[in-house]
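A quick write-up on the structure given underneath.
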Amino acid sequence: MLELRRFYVGGRWVSTQSTAEHVLVSPTTEEPVGIVSLGNSGDVNAAVAAAKAAFPAWSSADLTERIGLIERIHSIYSSRIEEVAQAISTEMGAPIDLARTRQAPAAQRHMTNFLEAVKRFQFIRPLGDHAPNDRILMEPIGVVALITPWNWPMHQVALKVIPALLTGCTMVLKPSEFAPISSSLLAEIIQEAGVPAGVFNLVHGDGEEAGNALVSHPDVAMISFTGSTGAGRKVLRGAADTFKRVALELGGKGANVVFADADDQAIERGVKQCFSNSGQSCNAPTRMLVERSIYDDAVEKARQAAEATPVGASNLPGPHIGPVVSARQFERVQTLIETGIREGARLVTGGLGRPAEFNKGYFIKPTVFADVANSMTIAQEEIFGPVLSIIPFDSEDEAVQIANSTLYGLTNYVQSQNPEKRNRVARRLHSGMVEMNGQPRGAGSPFGGVRHSGGAREGGVWGLEEFLTVKSVSDWGDPTIS
């Protein structure tokens, strides 16, 4: 059984000061697969002290040095990507093909995209022609704490670690205790790449102990947190006394607005996007809003797509969805399915219990509800499982009103062959991102939301700017630097 007993602090693998531990359980078999030590405030203090000591040198290092480090990390990561994929599949239950094709490669893509962005980035900028000797300096904020979730482990870790390194920040990473294996591998890779001691530090732990210690630490200048909206609220409150910058990427309840002129694949595509990663994605289109004239046909297509969705073990190859991450998450999804039935939504397919072929494991039946009122619990709460709610609408205005009637605002989706209509609707949707007609957003586009989905922007130049402060300087002495 795997044992993660040491943390990476100050350029060395060190023993924890804590006796607390978390048992890693396979979502497929419900059997223990490992143990991770859970750090305490003493571990956090040591890691923050190491990051603080390393900040002066790293923040003033030449950009070419920081770029070279990321290029080496990318090369080593690429050579070990199968290990990373296996780790993700083991720790959070992603089917191995998904782990190989999307989960593990996400970090590679982010490294490439950030390297492209930083090479064009202006760390020293002219204010304008009216003030030719003024400059705006973009400077690293300081020691940053990076708190990441379990659902897309390397995706979220890379969105924080890579821009922090490139902008000259030093850091402490605390991954979810449910997904610590992949982050430990990344720490090995970063060490092998030659990161200076103290620049990158890894402490395992839970939110109550290690997370809170980071959030309240006076020497931490910024918290970058990805997780649930409820946990994000606690982070905001905990950081208030020390006036930290807080970047939050939180939950979502995406609306997929399907007009009558949508393409033939829109419904099936929407179901697959909702169920991808077993529904454990904050940007999943979990509410399908369908124009009334095609509603009955859409419900039938969604039923067929859901019933054609295979469910299988994490270690087996294939296009299936796997289990959800934990017993707690399994019970939460079951409770919300039961609530949907009780509140009067029409269960089209799926429902309570495991799929018939499983008597253990945290497997959920791919589930579709129709005739869902937007006031119902399943239309308002983030479920984080393979559960789709279908809601009819009669007009464009009604569709926009329903889509915007949640506390969240992460990603919405529009399906229409009319460019004027979909552009008009995209402008009216209250969300940080809109994807239309199955077209993914381009490399380097910012990821993030509004309202209860948080206000962070991760990726591209926006992801770099998250870790920088703005300094305004007059009478700049070197007019050639702009």
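Only a single criterion out of (1) under 19 Å from V311 (Cβ atoms); (2) touching a residue at least 40 places away in the same chain (Cβ under 8 Å); (3) part of a loop (DSSP other than H, G, I, E, B); (4) touching a helix residue (DSSP H, G or I) at 6+ places or on another chain (Cβ under 7 Å) is not satisfied by F363, namely (4).
The number of residues in segment 397-444 being part of a loop (DSSP other than H, G, I, E, B) and among the aromatic types (F, W, Y) comes to 1. Going by what's in this entry, would A239 be described as outside any helix (DSSP H, G or I) and either closer than 19 Å to A426 by Cβ or outside the structural domain of S375 (by TED's automatic domain parsing) (or both)? So A239 does not fit the description; no.
Okay, residues lined up against (1) in the same structural domain as H430 (by TED's automatic domain parsing); (2) modelled with pLDDT of 95 or more; (3) over 19 Å from L347 (Cβ atoms):
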position: M222; (1), (2), (3): no, yes, yes
position: F225; (1), (2), (3): no, yes, yes
position: N283; (1), (2), (3): yes, yes, yes
position: M288; (1), (2), (3): yes, yes, no
position: D296; (1), (2), (3): yes, yes, no
position: H320; (1), (2), (3): yes, yes, yes
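Restricting L202, L185, L159 to those that are within 18 Å of the chain's Cα centre (by Cα), closer than 30 Å to S326 by Cβ and modelled with pLDDT of 95 or more reduces the list to L159. Of the residues making up segment 341-355, none is among the charged types (D, E, K, R), touching a residue at least 40 places away in the same chain (Cβ under 8 Å), under 19 Å from K253 (Cβ atoms) and in the same structural domain as V400 (by TED's automatic domain parsing). Selection of first residues in segment 28-53 that are under 17 Å from G142 (Cβ atoms) and touching a residue at least 60 places away in the same chain (Cβ under 8 Å) and of second residues that are part of a loop (DSSP other than H, G, I, E, B) and of a type in the set (G, A, S), restricted to Cβ pairs under 7 Å at least 6 apart or on distinct chains, gives the following pairs, ordered by first then second residue: A50/G10; A50/G198; A51/G198; A53/G198.
Of all residue pairs spaced 6 or more apart or on separate chains, none has beta-carbon atoms under 6 Å together with a first member in segment 307-318 that is within 16 Å of P366 (Cβ to Cβ) and exposed (fewer than 12 other Cβ atoms within 10 Å of the Cβ) and a second member that is modelled with pLDDT of 95 or more and of a type in the set (S, T, Y). Do we find a residue being part of a helix (DSSP H, G or I), within 17 Å of the chain's Cα centre (by Cα) and over 30 Å from G477 (Cβ atoms) anywhere in segment 133-151? Among the residues of segment 133-151, not one is part of a helix (DSSP H, G or I), within 17 Å of the chain's Cα centre (by Cα) and over 30 Å from G477 (Cβ atoms), which makes the answer no. For segment 218-236, a residue qualifies if it is surrounded by fewer than 24 Cβ atoms within 10 Å (Cβ to Cβ) and assigned to a loop (DSSP other than H, G, I, E, B), and the qualifying residues are P218, D219, A221, S228.
Go through segment 280-298 and give me each residue that's among the β-branched types (V, I, T) and surrounded by fewer than 22 Cβ atoms within 10 Å (Cβ to Cβ).
Across segment 280-298, the qualifying residue is only I294.
Scanning segment 429-441 for residues that are assigned by TED's automatic domain parsing to the domain that holds P323 and basic (K, R) turns up nothing.
Kindly indicate the residue of segment 345-399 that is among the β-branched types (V, I, T) and out of contact with any strand residue (DSSP E or B) (no Cβ under 8 Å at 6 or more places or on another chain) and also surrounded by the fewest Cβ atoms within 10 Å (Cβ to Cβ) among those meeting that condition.
Within segment 345-399, the match that is surrounded by the fewest Cβ atoms within 10 Å (Cβ to Cβ) is T377.
Do we have G449 as surrounded by 17 or more Cβ atoms within 10 Å (Cβ to Cβ), within 21 Å of the chain's Cα centre (by Cα) and not in a strand (DSSP E or B) here? Considered against the rule, which asks whether it is surrounded by 17 or more Cβ atoms within 10 Å (Cβ to Cβ), within 21 Å of the chain's Cα centre (by Cα) and not in a strand (DSSP E or B), G449 comes out as yes. Going through I124, I76, I88, I67 one at a time, which residue ends up being more than 19 Å from the chain's Cα centre (by Cα), at pLDDT 95 or above and closer than 15 Å to S182 by Cα? Result of the check over I124, I76, I88, I67: I76.
The values are calculated or read from the model by the stated rules, or taken from the named source; none is laboratory data. These numbers come from a predicted model, not from an experiment. In this analysis, Cβ positions are derived from the backbone assuming ideal geometry, glycine residues included, and neighbour counts consider all displayed protein chains.
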